[in-house]
Amino acid sequence: MEYEAVIGLEVHAQMLTETKIFCGCSTKFGAEPNTQTCPVCIGMPGVLPVLNKKALEFAIKTGISLNCSISRYSRFARKNYFYPDLPKGYQISQYELPICENGYIEIIIDGITKKIGITRIHMEEDAGKNIHEGTGDYSFVDLNRAGVPLMEIVSEPDIRTPQEAVEYLKKLRTILRYLDVCDGNMEQGSLRCDANISIRKKGQKELGVKVELKNMNSFKFVEKALDYEIKRQIRVLEEGGNIIQETRLWDSTLGITESMRSKEEAHDYRYFPEPDLVPIVIDDKWIDEIRESLPELPDKKRERFVSFYGISENDANFLTSEKSIANWFEEAVMLGGKPKIVANWIKGDLMKLLNADDKSFEDCKLKPSHLVEMLKFIENGTISGKIAKVVFEEMYRISEVSQEITAEKIIRDKGLLQISDEVEIEKIIDEILSKSKKEVDRYKAGEDKLLGYFVGQVMKATKGKANPQIVNELLKKKLSI
Amino acid sequence: MNLYNLTLSEAKDRIKKREISVKELVMSFFERIENVEKEISAFITVTYEKALEMVESTEKMLNNVDHSTLYLYGIPLAIKDNICTKGIKTTCASKILHNFVPPYESTVTSKLIQNGYILLGKTNLDEFAMGSSTENSGFHVTKNPWDKERIPGGSSGGSAAAVSADECIAALGSDTGGSIRQPASLCGVVGVKPTYGRVSRFGLVAFASSLDQIGPITKNVMDSAILLNVISGHDPKDSTSVPWEQEDFTKLLGQEIKGIKIGVPKEFFIEGMDKEVELAVKDAIRHLESLGAIIIDVSLPHTEYAVATYYIIATSEASSNLARYDGVKYGLRVNGKDLLDMYMKTRAMGFGKEVKRRIMLGTYSLSSGYYEAYYRKAQQVRTLIKKDFDDVFKQVDVIVTPTSPTPAFKIGERIENPLQMYLSDIFTISVNLAGVPGISIPCGFTSNNLPIGLQIIGKHFDEKNILKVAYAYEQSTEWHKKKPLI
């Protein structure tokens, strides 16, 4: 029997506002517990929330970028439940009238573009954190995070495979980062993903019973958890069982999902309109202003990179996956780098070095100007492409501590200048040929491929610095005598 | 005459003319409190030391600010104990907040401070302002100064009793369904529930957010107008406060009311209401007519649904507003074997019977499967009630009704019968649902010397006209001059 999965994702994105959503406290991560709090976010008696306009603007920005319609009239609602990290006993969220609805994201799977619908985006406040470890008989509550603005972005159940889910998430993360509305850090929890997943027989119209998956804090875990869950549900059905509507937690150590609570145990959140906040009314003018202020988004940028710079779809896709990479690339090209060559250096050597150091592209200290300077030395024959890799790595290392980097100085100090002096190369060739009488005879007898051997010997003797073109030409000339 | 008998405007005038000192005035009230408080029990906390501190700082204020800009310079007031005062215990008359000292000042009391007021104390109320008799206080019962076997009304019973007994010049109360007007009526003083959004709620411990409004309780209409001038205005900390232009509420006082159209809704003269109340209110209406007002019979057809609507909306909001009292952050905590046990023990011990009843009612109304039938339906009816008022206000300038269907009842008389208790607010509740302003002023006494109140209701943000009518009535009658014998 062939099955297909039906998956919808709920993503919580922490907004990069300076202050919390309903008070003036800082949102900075990692401060001493309860130092970024005030009567409002602690839930003192008598306090009232006041909406942070920046959070609203971020939500609208995101909505426009995800092709949503922006509600001209929306409102907040209270989601009621008891938990120590929720100081008011309710979370201010949106329910009936969210700020954005009916959007989509385009993902590319095996070269084919697929639209994944966005049901809604709503704003809400984050909860604090309960701390149980190392606290003896007590638990502690840290309310620094309480009131940090969140967007909940809910997809349509348009996703069919774990791979699509990851592509959707990656694309969403890229867009949020382009907009500077969320840093997209899944490990630190500034981007969190829950999934609703059911399976059905291929071709069947009705949906199966859905299971909610939680606790997947990386792209890899999202893929693994969905993969596991699909297999589990198929197994249950094949064995004649029924899927139970429930919430399951991904256990990354065991690599399985486990039941957390059944539908019967689910909370009744008793949503109702938040009476402390007036409805949000937005005029077209503000939406237009926000629309005009939006940066170029990844899809547009990718298309432009392909048509304008003449690079491949693949390269463009990679370069536009982060705004910082795209900017680096464009700056290098503006300074005179050839697009294709610059792309290769970024994709290859630079990413390799950053990955080895476990660094993100933003942390890259090396400047596009450094690369472009070096490229000129390749072009004018000062160094070979091979030596350039050594120079590049050296520049990268120095960039960590100082910005006073010149490829020229490295080449000079390390003696990496390419040997293009024909007289000097000829001398080395003569020496090698005189030591390799046997190989010379074989070559002359028709064994052409031995040319490579001689080239290798010359390179070895010059530590790779000999200009390969000159070496080739001179060798051919000498051997034909 | 004693200094504690002065009205706010009289005291203001005497201080200005330097006939009396602020300290003299304040001490006169502490003497009075000393003498009568044990019989009235209007206060939860008397802030003697704080008051003396404030006397000193008000004196210093004069070095920096012109006296004429300090509207309450040296005026001793009492504040209902559900309005947060920085550094002063604010309990809401609930055991769950028995030790709560706010680290911040409410917007209204900040404004009072800026204007040089003196805090005498925090007054008793029904726990979290839920009740109509102040009997639901978690601490003690307040007595009606006119008959100490009777309730002062509620929930601002402490504030109304304190004003009536001359334990303060004036007080602030809060009104969710009548909690300023009904006790003012039962204690023979003046009480104003401003338009929803007129006064900031920041620092008022929420009972029902969409209905709560802070207002003055005073000895006469002029004093209410002066206090309203100080506490009104948009507050960036309260999104539901309205950026309405600041106006002088004393401005129209003294103008004649000739030609003003007064609506009398037939639904407010009901079967079972006290005969003496009915007669007094009808007399008052005739008196207004004699002053030149045009009396028009009107109808507010959805009035009969007001109490039911109110008890769904108010309890729903309350069930959520009171969720924060969980023993985790402040107030009472009763330890338990686990988190749930701690929650349950804390809330079981901390809340009184009426508060629990309302939390349960509200939780039920908001529950999935019941929401549509209760909460949403109530909101729809609320819209109809609002529309009733809008329609009537197309024909008339103000509406006049009794404030309460009965005078003050005996302590204990209704405490076991919540429905009968809820009906005490039958004439005041729809005003909160509609969000319009209302005032209660004395309009007579029963044969056994209990005060009767007249309610005047106005259009949204039209406090000035209800104050004008109230002032005209008050100044041409003697009711407000009568004092209880304590």
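Read-outs: derived from the displayed coordinates by stated rules, not from any lab. Treat the numbers as computed from the prediction; the structure is a model and nothing was measured. Every residue, glycine as well, gets a Cβ built from its backbone with ideal geometry; the counts of neighbours run over all protein chains shown.
Tabulated data for the structure shown
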{"read-out": "Above-threshold pairs, the threshold being 20 Å between Cα atoms, out of A:K285/B:K237; B:K12/B:K60; B:K89/B:K356", "value": "A:K285/B:K237; B:K89/B:K356"}
{"read-out": "Antiparallel %, DSSP beta bridges [both residues in the protein assembly as shown], to 5", "value": "80"}
{"read-out": "Cα gyration tensor category, rounded, prolate or oblate, for the stretch B:303-462 with a/c compared to 1.5", "value": "oblate"}
{"read-out": "Distance cut-off 49 Å, percentage of C-alpha pairs in the protein assembly as shown lying past it", "value": "42"}
{"read-out": "Segments A:331-343, A:376-388 sorted - mean Cβ within 10 Å per residue, highest first", "value": "A:331-343, A:376-388"}
{"read-out": "Estimated Rh, the stretch A:348-429: Kirkwood, alpha-carbon pairs, angstrom", "value": "13.7"}
{"read-out": "Cα gyration tensor, chain B - rounded (a/c under 1.5), prolate or oblate", "value": "rounded"}
{"read-out": "4 °C / 1.567 mPa s Stokes-Einstein diffusion coefficient of the stretch A:422-479, Kirkwood radius on C-alpha pairs, µm²/s", "value": "116"}
{"read-out": "Estimated FRET transfer efficiency when R0 is 35 angstrom, pair B:K38-B:E304 (beta carbons, to 0.05)", "value": "0.25"}
{"read-out": "Span per principal axis, largest first, for the Cα atoms of the stretch B:392-465 (Å)", "value": "41, 27, 17"}
{"read-out": "R0 of 30 Å, Cβ-Cβ distance A:E4-A:K359: FRET efficiency to nearest 0.05", "value": "0.15"}
{"read-out": "Ranked B:T123, B:T47, A:T19, A:T35, criterion: other C-beta atoms within 10 Å, fewest first", "value": "A:T35, A:T19, B:T47, B:T123"}
{"read-out": "Total formal charge among the other residues, if their Cβ is under 11 angstrom from that of A:D180, Lys/Arg +1 and Asp/Glu -1", "value": "+2"}
{"read-out": "FRET efficiency, B:E289 to B:N449 (Cβ-Cβ, R0 35 Å, nearest 0.05)", "value": "0.85"}
{"read-out": "Prolate/oblate/rounded call for the stretch B:1-150, Cα gyration tensor, a/c under 1.5 rounded", "value": "oblate"}
{"read-out": "log10 of Debye I(q)/I(0), alpha-carbon scatterers only, for the stretch A:307-359 at 0.29 Å⁻¹", "value": "-1.27"}
{"read-out": "Paramagnetic reach from B:H234 in the stretch A:271-285 [backbone N under 18 Å; point 7 Å along Cα→Cβ]", "value": "A:277-283"}
{"read-out": "Gain on full stretching of the segment that runs from A:I108 to A:E379 - 0.36 nm per residue minus C-alpha separation", "value": "93.9 nm"}
{"read-out": "Cut-off 20 Å, label 7 Å out along Cα→Cβ of B:L52, residues of the stretch B:101-124 by amide N", "value": "B:117-122"}
{"read-out": "Peptide A:85-92 - average C-beta neighbours from other chains (10 Å radius)", "value": "4"}
{"read-out": "Relative contact order %, the stretch A:422-479, counting alpha carbon pairs below 8 Å whose residues are six or more apart", "value": "41"}
{"read-out": "Net charge, B:V65 excluded, C-beta distance under 15 Å - Lys, Arg +1, Asp, Glu -1", "value": "+1"}
{"read-out": "The stretch B:281-375: equivalent-ellipsoid semi-axes (sqrt of 5 x gyration tensor eigenvalues, Cα, Å)", "value": "44, 18, 9"}
{"read-out": "Hydrodynamic radius by Kirkwood, which averages 1/r over all alpha carbon pairs of the stretch A:273-380, in angstrom", "value": "16.2"}
